[in-house]
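*Asks:* Take this structure, written in structure tokens, and hold onto it; I'll ask about it next.
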Amino acid sequence: MNTSRNDSMHLAAFALAGPVSGCHGGWRHPAADTNLLSAGYYTRLGQLLEQGRFDMLFLADILAIPRRYGNSIDSQVRLGALGALRLDPMIVLSIVAAATRHLGLASTISTSYFDPYPIARALASLDHLSAGRAAWNIVTSFQQAEAANFGLTEQLDRNERYERAEEFLEVTCKLWDSWDDDALKLDTQTPLFADPAKIRSINHQGKWFSVQGPLNVSRPPQGRPVFIQAGASGRGRDFAARWADVIFVTHSSLESAQAFYKEMKERAVQHGRDPDSLKILPGIVPIVAETEAMALAQEDILKGLTDPEAGLSTLSYHLDIDLSAFPQDEVLPDMDVPGVQGHYQEVAELTRKRGLGLRALGHHYGIGPLRDFVGDADKVTETMRTWHAARACDGFMIQVPYLPGGLENFVRLVVPRLQDQNLFRREYDGTTLRDHLGLARPERS
Ligand SMILES: Cc1cc2nc3c(=O)[nH]c(=O)nc-3n(C[C@H](O)[C@H](O)[C@H](O)COP(=O)(O)O)c2cc1C
């Protein structure tokens, strides 16, 4: 194993514009802020992350309240589970953009339910207004409930979703490239607002989309937003190896993280890419406090606040399987799941290793991925260092168990230790998210 790498980690913060961060009971924590419909909640979060020199804030998103568990939204909304409420992430990030100067701003947007033109436009707008800090978490979506909100009786099958996603990406890239970088002149004397010779139609005709172009927004500061992807099926991995700048993934062990890291870097090379241009950030739920005992006590509080039904309800929609119909004390059987392969692989590994019955699995899932990051700052820092050195990741997607307290603890206790060990930046070197991630700005193609 090569542990000689001296580059530093990348840190993203996973959140939702809704009730859950890393833990399904988190919104009930005594130090959680339940003001999650206010602008101040998100600007404060952004400012805290910038103070901690994070690369970016990542907002997950879905387009329906899940109803996979018992064919009802009851468990999600009653228990404040992962899908209970979501503000539109692009609007939330616009507010955060105005309150911060360096923080990357990542929005989840589905390629299955929108058209490329308005999405290319919205992301170019965010990139301009934030001076080069926009990122797109590209998802293909996986819930029947989402299809039902967009006039469809059946969602597209996985292959069709990825086929549509490929073409969606091709079209958005053509649109961002439809203006030369120097097309906007703003020459008040001539006058020449923008040079028509440097702006062109794209005339895209494909299976899924027909788009004339050009975009009505000039080329974004980053050329195009940073692309994030989390698909873990074979098709999803291939898509990520071709397109993603960052991969977000959850694992239940260091070993599976290492295997995934190695595989994805190799896949990137097969696509003719520099493996370092693909950053892999596993999600972790750090529970950190001044002492180990205090962190364990925090973990106990969170366990007590997490209802197994909330976790099972979320796992049901992630796997697209109604788990309320299975015997609750028996283990999850091996199966082909129509939903998210990454989440299935994570819980299947857990079931194999720990033999958890379904209710216990739901409780575990509700608390959040990977329990190795609970302890005092030294322990959490050391575990992060070990993962990074063992080439299991290029950094982490931090999913604190409650907001903003969990993040305040992380920024106050862990970030300075990472900085002392030269594992994390003390100051931002550049201004754009690509700068923070060490990624080149794509040329126009
Ligand atoms: C860690 C992780 C986070 C994800 N976050 C979202 C999300 O916020 N919204 C969404 O619609 N899909 C999300 N997904 C789903 C995927 O991005 C992808 O659309 C889905 O996994 C289907 O692809 P697959 O079959 O290749 O796994 C997530 C998946 C993983 C593994």
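*Asks:* Please return the ranges of strands (runs of 3 or more DSSP E) entirely within the stretch 154-238 where 1 or more residues are away from the ligand (no atom under 16 Å from the Cβ) and touching a helix residue (DSSP H, G or I) at 6+ places or on another chain (Cβ under 9 Å).
*Replies:* Fully inside the stretch 154-238 and qualifying: 184-187.
*Asks:* Would you mind stating whether Ile280 is in contact (Cβ under 8 Å) with a residue 40 or more places away in the chain, within 25 Å of Asn159 (Cα to Cα) and surrounded by 15 or more Cβ atoms within 10 Å (Cβ to Cβ)?
*Replies:* The answer is yes for Ile280.
*Asks:* Turning to a different aspect of this structure: Considering only residues that are out of contact with any Asp or Glu (no Cβ under 8 Å at 6 or more places or on another chain) and either without any contact (Cβ under 8 Å) to a residue 24 or more places away in the chain or away from the ligand (no atom under 16 Å from the Cβ) (or both), which ones fall in the stretch 45-73?
*Replies:* Leu45, Gly46, Gln47, Leu49, Glu50, Gln51, Gly52, Phe54, Asp55, Ser72, Ile73
*Asks:* Whether any residue in the stretch 385-393 is in contact with a strand residue (DSSP E or B) (Cβ under 6 Å, 6 or more places away or on another chain), within 22 Å of Asp55 (Cα to Cα) and buried (at least 17 other Cβ atoms within 10 Å of the Cβ) is what I want to check. Walk me through it before giving the result.
*Replies:* Step one: list which residues in the stretch 385-393 are in contact with a strand residue (DSSP E or B) (Cβ under 6 Å, 6 or more places away or on another chain), which gives 393.
Next, from what is left, pick out any that are within 22 Å of Asp55 (Cα to Cα): 393.
Checking which are buried (at least 17 other Cβ atoms within 10 Å of the Cβ) leaves us with 393.
Yes, the stretch 385-393 has at least one match.
*Asks:* Inside the stretch 283-296, can you point out the residues that are modelled with pLDDT of 95 or more, surrounded by fewer than 17 Cβ atoms within 10 Å (Cβ to Cβ) and among the hydrophobic types (A, V, I, L, M, F, W, C)?
*Replies:* Those that are modelled with pLDDT of 95 or more, surrounded by fewer than 17 Cβ atoms within 10 Å (Cβ to Cβ) and among the hydrophobic types (A, V, I, L, M, F, W, C): Ala293, Met294.
*Asks:* If you don't mind, another one. Would you mind finding the one in Ala64, Ala135 that is at negative phi, at pLDDT 95 or above and in a loop (DSSP other than H, G, I, E, B)?
*Replies:* Ala64
*Asks:* Go through the stretch 245-273 and report how many residues are more than 27 Å from Arg441 (Cβ to Cβ) and surrounded by fewer than 21 Cβ atoms within 10 Å (Cβ to Cβ).
*Replies:* Looking only at that region, the number is 8.
The values are calculated or read from the model by the stated rules, or taken from the named source; none is laboratory data. Quick caveat, the model's predicted, so the values are computed rather than measured. For neighbour counting, all protein chains shown are included, and Cβ atoms are generated from backbone atoms with ideal geometry for every residue, glycine included.
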